[in-house]
Amino acid sequence: MIAKKVSEYADRHHMLEENDYVVAGVSGGADSVCLIFMLQELKKKIPITLHAVHVNHMIRQDAADDAAYVERLCKTLNIPFTLVERNVERLAAERHISVEEAGRDARYEAFSRVLDNRQGKIAVAHNKNDCCETFLFNLFRGSSLKGLSGIPPVRGQIIRPLLCLERSEIEEFLDKNGIKYCIDSTNLEDNYTRNKIRHRILGTAAQEISPAAVEHIGDACERISEAYSLLDDMAGSAYSACVSADTEGLSIDGTGFAGLHPTIQGYVIMEALARLAGSRRDIESVHIGQVKALFEKQCGRKINLPYGICAQRGYAGVTLRKTAWAPAKAGAAREYRVTPSDTERLLRGERVEISLRAGETLFLCVKDAAAQKEKNIPQKKYTKWLDYDRIKDNIVVRCRKEGDYLTIDMPGGEVRRKTLKSYFIDNKIPAGERGEIFLVTEGSHVLWIAGGRISSFYKVSGSTKRILELVLVKA
């Protein structure tokens with residue numbers, strides 16, 4: 001019986017404690033309906049309080065029917081119910097993210113508001129199939145060992161009691177007990193990457209390669225997760241044994257480092273660089289390899305790494321130091337905000353001038369699109385046109401920060417979000433130069449990589465009314 005399976009899984013991962021207030025996300029689909037029944041069963045064993053939350057994304061016309069069904073179900077089960085309505089498409093536009101991301105943000109924000117400051121958990125209905133889809137998604141995209149661990153059963157206050165169940169087990173339980181559930185039509189489409197993996201890849205694997213494909217991938221995720229935990233513990237011990245800190249940076253002892261397994265060596269270097277940089281972003285396998293190679297070089301050899309870190313071979317090993325010219329962390333360089341008075345000047349047709357550094361100036365100007373219709377959109381490297389009315393927040397000119405992204409056109413007319421890091425990697429921008437490139441931004445959304453591409457979201461179109469002209473002048 002799946003109730004016993006879920007109970008044992010929840011116990012093994014210490015998901016619930018006595019008197020927990022458990023906020024359950026219930027969409028009305030098979031997984032979440034099963035979740036609410038499993039939590040009811042767990043409640044018989046351990047005293048908890050349940051509260052169901054349904055988030056209407058306001059995308060489908062029949063979404064209100066799903067909300068009404070969940071409300072009726074909760075009333076029958078005597079579970080408190082909260083309905084949250086959020087226009088996810090509008091949220092995606094405001095935050096310049098995909099609809100998938102906006103939906104996830106809206107759900108977890110709603111769950112957190114209902115949980116408030118109570119002692120408790122947020123229960124969501126991910127199952128073993130979801131874990132497999134995540135594994136394949138990360139595998140295809142390129143991932144570390146951690147990323148191949150799938151979906152964790154517990155992350156902070158979030159618990160996933162159904163990760164031990166396959167989707168087929170869930171549907172069989174509901175059908176056997178005559179429990180109705182809603183079918184989200186968007187899950188049947190192939191508009192989203194995960195749906196493509198679900199229908200075209202994982203489904204095909206189960207049908208044509210092995211009926212137990214989901215089970216086997218799920219088991220592999222658990223083994224990878226266990227292996228990663230072991231490596232993480234070993235790396236922590238190794239780090240403590242061979243890395244020392246002083247006022248200038250970190251030193252890795254050569255003798256101690258040489259006695260480590262190559263895999264643990266990589267983890268130790270990553271941890272050292274991450275601690276010095278304050279982030280793991282932009283630290284890649286190539287940088288790990290460069291530091292490793294230094295241990296075989298002659299004394300005095302050095303290399304420059306992201307975040308302005310300089311690694312140098314010394315007599316006793318390798319030292320890691322921050323160089324004076326670099327910002328303390330990515331994005332900590334100079335920042336220039338377009339002020340309200342600057343905006344007023346732009347709207348009056350005046351030109352705003354921003355001095356970036358010696359011999360480098362950025363000029364901004366807002367022009368009427370109708371007056372420019374006879375002109376071609378500039379194709380120059382240092383002159384760009386953007387749709388001014390698509391910019392809703394302050395314009396900031398700065399160097400990169402964590403979380404920066406831009407949008408790019410994809411085949412078929414789709415516009416997809418791309419991290420700035422990925423853009424730099426794909427375009428082979430040297431790591432040491434990335435922190436010195438100026439960006440024109442709105443929040444974390446990069447409008448223009450100065451001297452490079454603009455974000456597709458802000459491209460001038462036939463409906464553009466006002467144009468923001470950006471001109472970078474180098475002396």
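The values are calculated or read from the model by the stated rules, or taken from the named source; none is laboratory data. Predicted model, so just to flag it, every value in this text is computed and none were measured. Counting neighbours? That spans all protein chains shown, and the Cβs are built from the backbone with ideal geometry, glycine included. With ligands, DNA and RNA removed, areas are computed over all heavy atoms of the protein, side chains included. Shrake-Rupley method; radii C 1.70, N 1.55, O 1.52, S 1.80 Å.
For the chain, the relative contact order is 11 percent, taking Cα pairs closer than 8 Å that sit 6 or more residues apart in sequence and dividing their mean separation by the residue count. Dividing the Cα radius of gyration of the chain by 2.2 N^0.38 Å, with N the residue count, gives 1.16. Projecting label points 7 angstrom from Cα along Cα→Cβ for E414 and K297 puts them 4.2 nm apart.
To the nearest 0.05, what FRET efficiency results for A220 and R280 with a Förster distance of 25 Å applied to their C-beta separation? So the FRET efficiency works out to roughly 0.55. Solvent exposure of the chain amounts to 52 Å² per residue of accessible area, where only protein heavy atoms count and the probe is 1.4 Å. Distance from the alpha carbon centroid of segment 204-271 to that of segment 424-446 works out to 29 angstrom.
Considering only DSSP beta bridges where both residues belong to the chain, give the percentage that are antiparallel (nearest 5).
So the antiparallel bridges amount to about 75 percent of the total.
Working from label points 7 Å from Cα in the Cα-to-Cβ sense, the S112 to N427 distance is 3.2 nm.
Under the criterion of Cα pairs below 8 Å and six or more residues apart, the relative contact order for segment 14-63 equals 47 percent. Rolling a 1.4 Å probe across all protein chains gives V471 an accessible area of roughly 40 Å². Sum up the charges of everything whose Cβ sits under 13 Å from the Cβ of K367, counting Lys and Arg as +1 and Asp and Glu as -1, but leave K367 out. Local net charge: +1. Computed over segment 269-324, the percent of Cα pairs more than 16 Å apart is 34.
Grab the other residues whose beta carbon is less than 9 angstrom from that of I309, score K and R as +1, D and E as -1, and report the net.
Values: positive: R321, K322; negative: none.
Charge balance near I309 sits at +2.
Using only DSSP helix segments of four residues or longer, with each worth -39500 (n - 2.57), what per-residue ellipticity at 222 nm results for the chain after dividing by its residue count and rounding to 500? Write out the running numbers ahead of the final one.
Numbers: 16 runs with 181 residues, N = 475.
The helix contribution divided over the chain gives -11500 deg cm²/dmol.
Averaged over all directions, how much area does the convex hull of the C-alpha atoms of segment 362-475 cover when projected, in nm²? For segment 362-475, the mean projected area of the Cα convex hull comes to 7.8 nm².
Reducing segment 358-394 and segment 116-172 to their Cα centroids gives an inter-centroid distance of 44 Å. Distance between the C-alpha centres of segment 1-39 and segment 48-70: 18 Å, rounded to the whole angstrom. Leaving out same-chain residues fewer than 8 places away, which aspartates and glutamates sit with a Cα under 19 Å from that of K45? Cross-link targets: E8, D11, E17, E18, D20. Note down the relative contact order for segment 385-475 as a percent, whole number, built from C-alpha pairs under 8 angstrom at least six residues apart. Relative contact order comes out at 43 percent.
Counted by Cβ distance under 10 Å from V84, the other residues give a net charge of +1, where Lys and Arg count +1 and Asp and Glu count -1.
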